[in-house]
Structure formats: structure tokens, C-alpha cells
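What follows is a single structure, written as C-alpha cells, with notes after it.
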Amino acid sequence: SSGINAEWPLRPGYEELLGENFKVSYSPGGATQNTIRVAQHYLNYPGATSFVGCIGKDSFGEKLKACMKKEGINTNYLINATAPTGVCAVLLTGGNRSLVTRLDAANEYTYEHLVGAETWKMVTTAQFYYVAGFFLTVSPKSMQSVGEHAVKENKCFCMNLSAPFLSQFFKEPMQSVLPYVDILFGNEDEYRAFASNFGIASTDLNVIATKIGAMPKKNSKRSRIVIVTQGDKPTIVFREGRIKEYPIVPVPAEKIIDTNGAGDAFAGGFLSEYVKNKDIETCVSSGSHAAAMIIQVSGCTLPDRN
């Protein structure tokens, strides 16, 4: 398997694929969007979740809106007239796959769209917020604004570390957003990268989770939950001053097709129970089941409930 960002001359390849005799299927993507899709799948009633992002004024954007509508998710996309909708082409050749990503409009979201009347109404109506760490590269000001609202109204704000490079190259915006975070998700590599860049002199995940849990926090009414996924190893959870490990849902190696998106799916499954005020054991179990489901298919492909 391999993955790259699409630079010229690869960029026209997406349209060329559509004109060739290939079987093409479409699935909404992006880290945060996939987490919301998984949460919506488990909550299973129309409009339980909402998503805000940026797309282009093109056919891919229309396909994305249609897919999200079909899955029962409310959306309010910023439409960028010049940048095309971000896409990721997954090319399958036997058991091998190559990912070619073009971010484009996904990098163009603006704070002004967030605080516009329609979008901000979606923000104030919601009770829980989730955003991938990738958004730190786009609009940390938007993340802080939602975080401020969450603190003021005692709502839950969640973030995913998303990738090791963010702790290193986007340390300042991460520092500005972390105090708002009530639930932090990430995998072992992301947490160890965070530790090395934020002065935590340990590679022990229990120590790292404990220290992050004790970092300054804006909302003193909610203690921070730190969740560390480790692939086929138990999930570590720091909560209320204690560390506890939870078993995963095992998947035989021969059934694993695509591990990309497992962490996003875990977060979606976890949150689908957390928003219903279920205990942490139930939330982690739901997250593990979601991750196990997703790694047995290509991409974040959800089963049809019909």
C-alpha cells in the first residue's frame, strides 16, 4: 500500500478515471467526516449529527452532499468557487491499493463561515463537538471559537491527535486548542510524538496519558478523558485520575482489508454511546466494534441498514 498528495501532473487523473472503463464507487471521506458518519450510523436516526466543512463548486462536491444527505447527516458546506472539492482516489489492484489525495477546498475553510448565522446556529444547537487534529492546519481560530462556546455552556469538546506530524509542525495551534479538549483521541504513535514535542519525558503510554489528562483545562466542570488506541493491543483510557485498559474486538489477519480509518471509526463508535450518557466500558466497546467493522472493508464503507 502507498499514499501520496496529488501534485501536477497527477491532478488530472481523477477526471480521467471517470472517462475510462473503470468501476467507480463514491464514499464520503475525510477524518472528521468519517467519524461523524460512523456516529450517525450507530445513532441511526435522521439529523442526529451535523457536519461543517469546505467543498468546491463541482460534481464531486454535489456527490458528497448527496452521500451525506442519504446517510441522514445535516451539512452546511462552505462552497469555494475556485478550489475543487478535496478527493482521495483509492486505486485497487488485486490486494494492493494506492491512495492519491488532493486536499484543495478542504484547506480553504474560513472562520467567517463558522460564525455566519446558519452555521453558528448548528453550533449552538449541538451538545457535543468533534474535530480531527488535521483542522489545526486550516482554521485553529474556528476550533477555539467552538471550544469557547463549549466551555461557556458546559458542552463536550473532543479532538483527535490525527497524525504525529501535527504535534511537531503545528505545535502552537495545538497548544491553543488543547485546553478546550474534554476528550482526546489518538493512537500510540501520535501520543508518543505529542510527548516528545510537549516536554513529556517518557514513552510509556500510561504516563503520557496521565500527564496529558492533568494539563491545563478551560472547563473545570469536566475532567479530561484521554483515549489511546493501539491497533491489536488493548485501548488505554485515562479518566478521573486513573488508567484502565480495555480489550479490543479481535479481527483475524486474513479478514483485515484496510486499517486506514480505524481510529476515526473508533471515535465515532465511542461517541455514539457517550452522547447517550453510557458508561465508559460501553463507549469503548462500541468504538472497538466500529473499528473492527471498518478494517474489514476498503475505506470507511458503512453497511446498508436496509
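Remarks
- Over the chain, DSSP H runs of length four or greater, each weighted -39,500 (n - 2.57), average out per residue to a 222 nm ellipticity of -11500 deg cm²/dmol.
- For segment 81-204, a crude dipole built from +1 on the beta carbon of Lys and Arg and -1 on the beta carbon of Asp and Glu, taken about the Cα centre, is about 120 debye to the nearest 20.
- Applying a threshold of 25 Å to the alpha-carbon distances of Lys69/Lys255; Lys57/Lys155; Lys141/Lys171; Lys69/Lys141; Lys141/Lys217 flags Lys69/Lys255; Lys57/Lys155; Lys69/Lys141 as lying beyond it.
- Table column - 3J(HN,Hα) (Hz), segment 108-116, Karplus curve with 6.51, -1.76, 1.60, x for Gly and Pro: 10, 5, 10, 4, 4, 5, 4, 8, x
- For the pair Tyr246 and Thr259 in one chain, pulling the backbone fully straight at 0.36 nm per residue adds 2.7 nm over the alpha carbon distance.
- Cα shape, segment 99-199, gyration tensor, a/c 1.5 rule: oblate
- Amide H to amide H distances under 5 Å link Leu78 with Gly53, Cys54, Ile55, where only residues 5 or more positions off or on other chains count and H is placed in the peptide plane.
- Rounded to whole Hz, the Karplus (6.51, -1.76, 1.60) HN-Hα couplings of segment 156-170, x for glycine and proline: 9, 10, 10, 9, 10, 5, 6, 7, x, 5, 5, 5, 8, 9, 10
- Rolled with a 1.4 Å probe across the full set of protein chains, the surface gives Met143 an accessible area near 10 Å².
- Of the accessible area of segment 111-191, computed with a 1.4 Å probe over protein heavy atoms only, carbon and sulfur atoms account for 53 percent.
- Each residue of segment 225-232 is assigned a 3J(HN,Hα), and the resulting list reads 9, 10, 10, 10, 8, 9, x, 8 Hz, derived from the Karplus form 6.51 cos²θ - 1.76 cosθ + 1.60 (θ = phi - 60°), x at Gly and Pro.
- Each Lys and Arg contributes +1 and each Asp and Glu -1, all at the Cβ; summed about the Cα centre of the chain, the dipole is approximately 800 debye.
- Annotation: Leu103 carries an accessible surface of approximately 80 Å², with a 1.4 Å probe and no ligand, DNA or RNA atoms counted.
- Segment 244-292 - accessible surface per residue (Å², probe 1.4 Å): 47 Å²
- Per residue, the accessible area of segment 64-187 comes to 46 Å², computed with a 1.4 Å probe over protein heavy atoms only.
- Amide H contacts under 5 Å for Cys156, placed H, 5+ residues apart: Tyr129
- Charge tally in the Cβ shell below 15 Å around Ser176, where Lys, Arg are +1 and Asp, Glu are -1, Ser176 excluded: +2
The values are calculated or read from the model by the stated rules, or taken from the named source; none is laboratory data. Everything quoted here is computed from the prediction, not taken from an experiment. We place every Cβ from the backbone using ideal geometry, glycine too, and count neighbours over all the protein chains shown. Heads up: the accessible areas ignore ligands, DNA and RNA and are worked out on the full protein's heavy atoms, side chains in. Shrake-Rupley method; radii C 1.70, N 1.55, O 1.52, S 1.80 Å.
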